[in-house]
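The values are calculated or read from the model by the stated rules, or taken from the named source; none is laboratory data. Source: prediction; values computed, not measured. Cβ sites come from the backbone with ideal geometry, for glycine too, and all protein chains shown count toward neighbours.
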Amino acid sequence: MALSKVLVAVMLLVSLTTTVSAHLVPIPKPPVTVLPASPPVYSPAPSPIYSPAPSPIYAPVPSPLAAPPTPVASPPKYVIEKRQIAVQGVVYCKSCKYTAYNTLMEATALPGATVKMVCATSAKKKNKPVVLTAVTDKKGYFFVAPSKKVSHLGAQKRCKVFLVSPPKKSKVKSMIPTNMNQGLTGAYLMPTKPAKPLPFALFTVGPFAYAPPPCKIIH
């Protein structure tokens, strides 16, 4: 009896459910709004840490320098060769007519007259002067030969030529030396260019002159 009641109740519930279901209006579901997917959130990547590149090391560029001046070749040093010297000249005997005048008009060559050349030495050496003598020939010409004691260096300032004595044997007695061309006070040497090259330096002095003693002039 009890089971029958349960069955009846179940059947009534099923029937009721079917009826209600037939009369129910389906309620539409609201549209589902799909939200856009939010972008993924990434944690920022850590910035790379770069060690600074070392500065390039450049070798210093030398500043342009002016080209050094071209060395000027120094002139060659010339060694002055010392040369021996020779001195020449002529001695005359003046005319009686022109004894009082500074002239050689009508003068004659005087052979056998003696002259000398005196050359002072350096003050540092303190040596005695060098003295060289010569005697005139038949033409009155004299030649003081070269000597190792005297060189051409400074000879024009250091050397002088003087009259020394007249001929020992002469027809004219008591001849008087004159200072014509510094025959008494000393004549300085004058350089002379020879006609041909010589192994020594040639100089000239004079001419010198002796005068006869006073004589009577016949008018």
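Is the range 168-177 home to any residue that is within 20 Å of Glu106 (Cα to Cα) and free of Cβ contacts under 8 Å to residues at least 12 places away in the same chain? Checking the range 168-177: at least one residue is within 20 Å of Glu106 (Cα to Cα) and free of Cβ contacts under 8 Å to residues at least 12 places away in the same chain.
For the range 138-175, the set of residues classified as surrounded by fewer than 18 Cβ atoms within 10 Å (Cβ to Cβ) and hydroxyl-bearing (Ser, Thr, Tyr) consists of Tyr141, Ser147, Ser165, Ser170, Ser174, listed by residue number.
Residue by residue, here is whether (1) of a type in the set (A, V, I, L, M, F, W, C); (2) surrounded by 10 or more Cβ atoms within 10 Å (Cβ to Cβ); (3) part of a loop (DSSP other than H, G, I, E, B); (4) modelled with pLDDT of 70 or more holds:
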residue: Ser38; (1), (2), (3), (4): no, no, yes, no
residue: Ile49; (1), (2), (3), (4): yes, no, yes, yes
residue: Ser55; (1), (2), (3), (4): no, no, yes, yes
residue: Pro75; (1), (2), (3), (4): no, no, yes, yes
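State whether one or more residues within the range 118-133 are more than 23 Å from Ala209 (Cβ to Cβ), out of contact with any Lys or Arg (no Cβ under 9 Å at 6 or more places or on another chain), touching a residue at least 40 places away in the same chain (Cβ under 8 Å) and buried (at least 18 other Cβ atoms within 10 Å of the Cβ). Among the residues of the range 118-133, not one is more than 23 Å from Ala209 (Cβ to Cβ), out of contact with any Lys or Arg (no Cβ under 9 Å at 6 or more places or on another chain), touching a residue at least 40 places away in the same chain (Cβ under 8 Å) and buried (at least 18 other Cβ atoms within 10 Å of the Cβ), which makes the answer no. Confirm whether Pro197 is surrounded by fewer than 14 Cβ atoms within 10 Å (Cβ to Cβ) and in contact with a strand residue (DSSP E or B) (Cβ under 9 Å, 6 or more places away or on another chain). Considered against the rule, which asks whether it is surrounded by fewer than 14 Cβ atoms within 10 Å (Cβ to Cβ) and in contact with a strand residue (DSSP E or B) (Cβ under 9 Å, 6 or more places away or on another chain), Pro197 comes out as no. Look at the range 203-219: where a residue is over 17 Å from Val135 (Cα atoms) and modelled with pLDDT of 90 or more and a partner is among the β-branched types (Val, Ile, Thr) and not in a loop (DSSP other than H, G, I, E, B), sitting 6+ places away or on another chain with Cβ atoms under 9 Å, you get Ala211/Ile176. In the set Lys157, Lys196, Lys148, which member is outside any loop (DSSP other than H, G, I, E, B) and among the basic types (Lys, Arg)? Exactly one residue qualifies, and that residue is Lys157. Scanning the range 166-190 for residues that are at pLDDT 85 or above and either of a type in the set (Val, Ile, Thr) or part of a loop (DSSP other than H, G, I, E, B) (or both) gives Pro166, Pro167, Lys168, Met175, Ile176, Thr178, Asn179, Gly183, Leu184, Thr185, Gly186, Leu189.
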